[in-house]
Structure formats: structure tokens, C-alpha cells
Amino acid sequence: MKLKTFLPLVTYPDAASETSIANAVAASRLLGAELNALALEVEIPQVSNALSRALLDVGEMIKDAHKLSAHRAGELLVDVKAKAAAASIATQTAVLRSAPALLGEAAGERARYFDLALLGLEPENAGTRMVAEGVIFGSGKPSLLLPVAAKLGKLDRIAIAWDGSRVAARAVADARLLLERASSVSIVTVTDEKPLKDKDSGEKLAESLRDAGLKAKFDTIRAESGPIAATLQRYAAEHADLLVMGGYGHSRLRDFVLGGATEGVLSDLKLPILLSH
């Protein structure tokens, strides 16, 4: 069965970048996957207020926002098709309309029908962060976070952030297809970040992966006084092309309360990260 990737694209107030599309196409090509792109158009409800109509002409502003969002959606999907055709990968495109505050939730629900979400995180585009959180915590599927600072390269050297937890185990399971293609796997545990129930769990995971035919090794590092996300990404940048980690967090009235490492990578993504909740 062919792998299907999912690419949600924001259109308003800022549109997703060309680099996010290029990286998603590159990831789909590396995985031999069909790329399914979804343009997220905003649907802003009309405001019935005499003062707002008299002073601001809110109705016209809403119409302009709809037109701009729809125009950008069309441009983004044309770009997806062109880049996918150039890379010789199959692609499907669609449009989803939703209220701005619900775009992340809507994208998360749609992501449930695909194998892997591809999320371009753009520091200057807050919409990409909102949609990423909605997909990570609402889809039940793994997400590949892609920074826009550089074009995606290979994904054959993989680092795994391991603490023996359920979400870490889930991330390893979700990354199985990538792990099977990896030339090397580095498992890393941060020893001074929180108490570890089983201090040998990293070596146990490495042994399990070696038994499955993978080239896996286990390392420990210290965070000391630095942010855990920075420590993990620094290690991964030296040893891997991709970091696999569990995503900690939960939703509170569409506000996401995140774990330290999860917040850190979403705020300052340095390299591709496969994140599973």
C-alpha cells in the first residue's frame, strides 16, 4: 500500500512559503509517497453591527480577506502540482474552508486519513505554528516538522530522543518506515533533565533495533542548565539528518499546554523532526 503524506497550507493572514512546499515534495519523494496538499482558506463570519458598518465597512473587509485567501490557495496548489510533477511524484490537492481560530483543529481532523503529516514551521508565520499544533495533538498520526531555513536533504541518519516513556515508544513505532531505511540510528537519553524509571532502557531499545537488523547505538548526554530542546537538536545536528521524539502536551480550550522539549522545537526548529503524540 502506497504511503500517503499530508501537507496543510495556510493562506491567511500570511501564506505558506515556497520552501515549505519544496521540502514537503522532497520528503514525499524520499519516502516514495503520494503527496496530498490541503489549502486552508479562511471563512470569516459576517458581523451585524451598525457602528462597524458605518465606520469600518467590516463586510467589505471580510470579502477582501476571503478573496485574498482563495487567491493564495489557488497559487499554493498550483505550486504544489508543479513541484510534484517535476519530482515525478503523485499528488492530490483539495481546499478546506474554516473559521480562522478553527483551522488547526480542522487540519488535525483531515490529517487522520493520511500516514504522515508534513508541517513547514515558519517563524514569521504564526498560522503555521497554530496548524502544526492542531495536527500534532489532534490527528493521532505522526508529523514531520520541516524548518524553512534550508531545503530538505537526506533522511538516512536518524537520532531518537529516548526517555522510556509511552510517547517516546509511540514515536519510535511511527518512525519504523524511516528507521528501516536508515544507514545509522543514534538513541540519546538526557540524563539530568528528569528522573528516569529505567536507566538501561536506552540500551534495551538499541538492542531491540539491532535485533531487527538496524545499525543502532546508544548515547547519553547532559542538558546541564540549557533548554532540553536545544540540547537534543544540537546532538541531532552532529549525528543525524532527522530527530525522532515524542510530543508532550494537551489541549485546553484550543490552547495547547506543551512539554518543555515540545515547546522548544516548535519555537525554534533547527532540523527535521518526526514528532508523535
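The values are calculated or read from the model by the stated rules, or taken from the named source; none is laboratory data. Just so you know, these numbers come straight off a predicted model, no measurement behind them. Quick reminder, even Gly has a Cβ in these numbers, built from the backbone with ideal geometry, and neighbours come from all protein chains shown.
Got a sec? Which strands (runs of 3 or more DSSP E) wholly within the range 104-192 have at least 3 residues that are under 19 Å from L232 (Cα atoms)?
Values: elements: 116-121, 143-147, 157-161, 184-190.
In the range 104-192, the matching strands (runs of 3 or more DSSP E) lie at 143-147, 157-161, 184-190.
Can you tell me which residue within the range 1-32, out of those that are of a type in the set (G, A, S) and in a helix (DSSP H, G or I), is farthest from A150 (Cα to Cα)?
First pass over the range 1-32, keeping only residues of a type in the set (G, A, S): 15-17, 20, 22, 24, 26-28, 32.
Checking the rest, the ones that are also in a helix (DSSP H, G or I) come to 20, 22, 24, 26-28.
Details: S20: 10, A22: 10, A24: 12, A26: 12, A27: 13, S28: 17 Å.
If we take residues in the range 1-32 being of a type in the set (G, A, S) and in a helix (DSSP H, G or I), then S28 is farthest from A150 (Cα to Cα).
Considering every residue within the range 127-150, establish whether at least one is in contact with a Lys or Arg (Cβ under 8 Å, 6 or more places away or on another chain) and under 30 Å from D200 (Cα atoms).
Yes: the range 127-150 contains one or more residues that are in contact with a Lys or Arg (Cβ under 8 Å, 6 or more places away or on another chain) and under 30 Å from D200 (Cα atoms).
So which of A261, A212, A240 ends up being surrounded by 19 or more Cβ atoms within 10 Å (Cβ to Cβ), closer than 17 Å to D174 by Cβ, at pLDDT 85 or above and of a type in the set (G, A, S)? Steps first, answer last, please.
Values: A261 fails: at pLDDT 85 or above; A212 fails: surrounded by 19 or more Cβ atoms within 10 Å (Cβ to Cβ).
The unique qualifying residue is A240.
Each row is one residue, and each column tells you yes or no for (1) small (G, A, S); (2) under 28 Å from L177 (Cα atoms); (3) buried (at least 17 other Cβ atoms within 10 Å of the Cβ); (4) at pLDDT 95 or above.
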site	(1), (2), (3), (4)
K2	no, yes, no, no
T11	no, no, yes, yes
A87	yes, yes, no, yes
A99	yes, no, no, no
